[in-house]
Amino acid sequence: MLRIKKVFIALVVCISLSILAVSPAHGQFKELRILHLNDFHGFAAGKRLIGSDEMQGGIACLAWLADNLRKEKPTLLLAAGDMIQGNPFANLFQGKPVIEIMNKMGFDAMCVGNHEFDFGKDVLRERITEATFPVLGANVKGMPGLKPYIIKEPGGLKVAVIGVVTEDTPFATHPANVEGLTFLSPAATVEEYVRKLRDSVDIIIVLSHLGYNNDMLLASRVKGIDIIVGGHSHTRTLKHMLIGNTVIVQAWEYGMVLGVLDVVVQSGKIVEVKSRLEEIKPSQMKKREDIAQIVEQYGRQVDALMGRIIGKALVDLDGENVRTRETNLGDLITDIMRQQSNSQIALTNGGGIRASIGKGNITLNDIYTALPFDNYIVAMKLTGREIKEVLEHGVSGVGLKEGRFLQVSGLSFTYDPKMPQGLRVMDVSVGGAKMDIDATYTVCTNDFLAAGGDGYRTFREAMKESQDFSITANTIKSDKITYNDSGRPLKDVVMDYIREKKRITATVEGRIKEVSCNEGVCKQPGNPSAPRYDR
Amino acid sequence: MKVFVNNREILLLPGMTVKHALIGAGLLDEAMAGKKVFDEWGNELGLDGALTEGNSIYVK
């Protein structure tokens, strides 16, 4: 009996030793530093802080700091998505400079964000090929080059990094950009990989482009995640969040801070956590010179491209009078919007057009000056009644030259500014036929107006009143929205149109006519009288 | 998606961000003038930050 007991104990010891031999870092205290960045959006030269003259960020300074912090302990440098798209530095080269910089900095991994898809699958595939670090997207099926996870061994610690992106991605970019791709549930996907990897690594990191709230939900749903390094919600987590045993961090936006998470791991468990965000203050920091050179080199190219001629205006394009009357530039821009979104009607606020484009050569700078905002096109179905309401709001502040005055395409109307607000618009025609107040039309506008900017409530109210309005997995399910490309600013759409057409001309077509009505007869200055249309 | 800005309900389209929620609430100008936006845990948010259904944000 005693011999059997001894043999049994010996067997247990042997099995335990063999387990310890394959299980890394068992029993020892091991340090790991995670440096993290998210939602950089190509702001390589930094960004002016809102409401201040102070500059913050700058990837050359951030790289210098990252190098110094790396020297102190075993480190992983991670990026949580939305790195390659967002401002001219990135967009004019479809994200290439950002990957070049990330390669130089020696990133260990990056997960894709929704905006990584904004240049289309072919461009993303190129960027993934150029990257010397793995690009992760475990819940994206059909995208060549993406890996679900990687395993790294900093300081002898075996670490799995799983990457996931928001499954809302197809609803926030042009459908062509994600055609043939499937975005699976991040939680189910992570659960599957945690189950697969848990016993073979010391810790599991999820590199997430889901947003802070979804990171918390993920941590509460999927057990076995040690750390979530997040992005998407641009959250400035001054201190890490702990959900169960999962540490959650996120490093704000645009490289204005570098996230630093220090953990001590023992027997596959995090036993100590410290987190902070290091502010990137270019006036107080050194730069990594090789990175600064890349930023300057592409910066010079951006300047050159901004001044490059992309087309020729055969007439002056009027961006001055867009708050009080139809202009040829307003007509041109709304025509382009209507064509791009395949809508019947386009409406944009005059306040979104900020400068004229003179007759002669057109440069990119001209487009960016005329359209300085990062507005994008959205389109939805509205009834004739709702369109009339929008038009009425558009002319309600015309006397004050307010920005809500609309430039239009696909429809025409007259209005009498002397009539009471809400009763000014008449003779609305769509595609040359009288607008049916009960019919449905596809209408595109910009995201500013769709969100309720300049006092436009109709677009949001229309969504609310939709019979099929529902929310599943954080996404509006509605056949009301017909176009929604948040990844492509209107100015880029206009730029591409001018590049393609080369010679641009536009005339005021009489889409918006101001009239003066008296006892049912309306007159336009200089024009014959016209019968009044029923409201 | 429905979010709340200073406890006021705002309806947004997919892909819309903190900035759009502030536009809907008429508070974008205040944020542009230097007021900050926070989530319900007191974390500061960037104007281009993504929102999810039911998020509550505050302009202070």
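Before we move on, is A:His234 in contact (Cβ under 8 Å) with a residue 60 or more places away in the chain, within 14 Å of chain B (Cβ to nearest Cβ) and not β-branched (Val, Ile, Thr)? Give the derivation first.
On the way: in contact (Cβ under 8 Å) with a residue 60 or more places away in the chain: yes; within 14 Å of chain B (Cβ to nearest Cβ): yes; not β-branched (Val, Ile, Thr): yes.
When the stated conditions are applied, A:His234 passes them.
The lone criterion from (1) open to solvent by 10 Å² or more (accessible area, probe 1.4 Å); (2) not in a strand (DSSP E or B) left unmet by A:Gly255 is number (1). Scanning the stretch A:133-169 for residues that are open to solvent by 50 Å² or more (accessible area, probe 1.4 Å) and within 14 Å of another protein chain (Cβ to nearest Cβ) yields one hit, A:Glu167. Candidates are the residues of the stretch A:284-316 that are outside any loop (DSSP other than H, G, I, E, B) and touching an Asp or Glu at 6+ places or on another chain (Cβ under 9 Å); the one that is farthest from A:Ala63 (Cα to Cα) is A:Ala313.
Scanning the stretch A:114-132 for residues that are open to solvent by 10 Å² or more (accessible area, probe 1.4 Å) and under 17 Å from A:Val164 (Cβ atoms) gives A:Asn114, A:His115, A:Ile128. The set of residues in the stretch B:1-54 being more than 7 Å from every other protein chain (Cβ to nearest Cβ), open to solvent by less than 60 Å² (accessible area, probe 1.4 Å) and of a type in the set (D, E, K, R) consists of B:Lys19 alone.
Any idea which of A:Leu329, A:Leu277, A:Leu242, A:Leu305 is over 19 Å from A:Ala79 (Cβ atoms) and within 14 Å of another protein chain (Cβ to nearest Cβ)?
Details: A:Leu329 fails: within 14 Å of another protein chain (Cβ to nearest Cβ); A:Leu277 fails: over 19 Å from A:Ala79 (Cβ atoms); A:Leu305 fails: within 14 Å of another protein chain (Cβ to nearest Cβ).
Going through A:Leu329, A:Leu277, A:Leu242, A:Leu305 in turn, just one is over 19 Å from A:Ala79 (Cβ atoms) and within 14 Å of another protein chain (Cβ to nearest Cβ): A:Leu242.
For the subset of the stretch A:479-493 comprising residues that are of a type in the set (D, E, K, R) and outside any strand (DSSP E or B), which member is most open to solvent (accessible area, probe 1.4 Å)? Please lay out each step first, then the result.
To start, the set of residues in the stretch A:479-493 that are of a type in the set (D, E, K, R) comprises A:479-480, A:485, A:488, A:491-492.
Keeping just the survivors that are outside any strand (DSSP E or B) gives A:479-480, A:491-492.
Details: A:Asp479: 94, A:Lys480: 32, A:Lys491: 15, A:Asp492: 20 Å².
Within the stretch A:479-493, the match that is most open to solvent (accessible area, probe 1.4 Å) is A:Asp479.
Suppose the filter is of a type in the set (Asp, Glu), at pLDDT below 95, more than 23 Å from the chain's Cα centre (by Cα) and over 28 Å from A:Thr173 (Cα atoms); does A:Glu465 pass it? No. Looking for something modelled with pLDDT under 95, assigned to a loop (DSSP other than H, G, I, E, B), open to solvent by 10 Å² or more (accessible area, probe 1.4 Å) and of a type in the set (Lys, Arg) - is there at least one such residue anywhere in the stretch A:260-283? Checked the stretch A:260-283: no residue is modelled with pLDDT under 95, assigned to a loop (DSSP other than H, G, I, E, B), open to solvent by 10 Å² or more (accessible area, probe 1.4 Å) and of a type in the set (Lys, Arg). Right, A:Leu314: open to solvent by less than 40 Å² (accessible area, probe 1.4 Å), farther than 20 Å from A:Met83 by Cβ and more than 14 Å from chain B (Cβ to nearest Cβ) or not? So A:Leu314 fails the test.
Among the residues of the stretch A:380-401, count how many are among the hydrophobic types (A, V, I, L, M, F, W, C) and in contact with a Lys or Arg (Cβ under 7 Å, 6 or more places away or on another chain).
Quick first cut of the stretch A:380-401, residues among the hydrophobic types (A, V, I, L, M, F, W, C) only: A:380, A:382, A:387, A:390-391, A:395, A:398, A:400.
If we keep only those that are in contact with a Lys or Arg (Cβ under 7 Å, 6 or more places away or on another chain) as well, we get A:380, A:395.
Qualifying residue count for the region: 2.
Of note, A:Gly81 satisfies the criterion of being touching a strand residue (DSSP E or B) at 6+ places or on another chain (Cβ under 9 Å), under 25 Å from A:Pro154 (Cα atoms) and crowded, with 17+ Cβ neighbours inside 10 Å.
The values are calculated or read from the model by the stated rules, or taken from the named source; none is laboratory data. As the structure is a computational prediction, the values presented were derived from the model and not from experiment. Cβ: placed from backbone, ideal geometry, glycine included. Neighbour counts: every protein chain shown. For accessibility, only protein heavy atoms count, side chains too; no ligands or nucleic acids. Shrake-Rupley method; radii C 1.70, N 1.55, O 1.52, S 1.80 Å.
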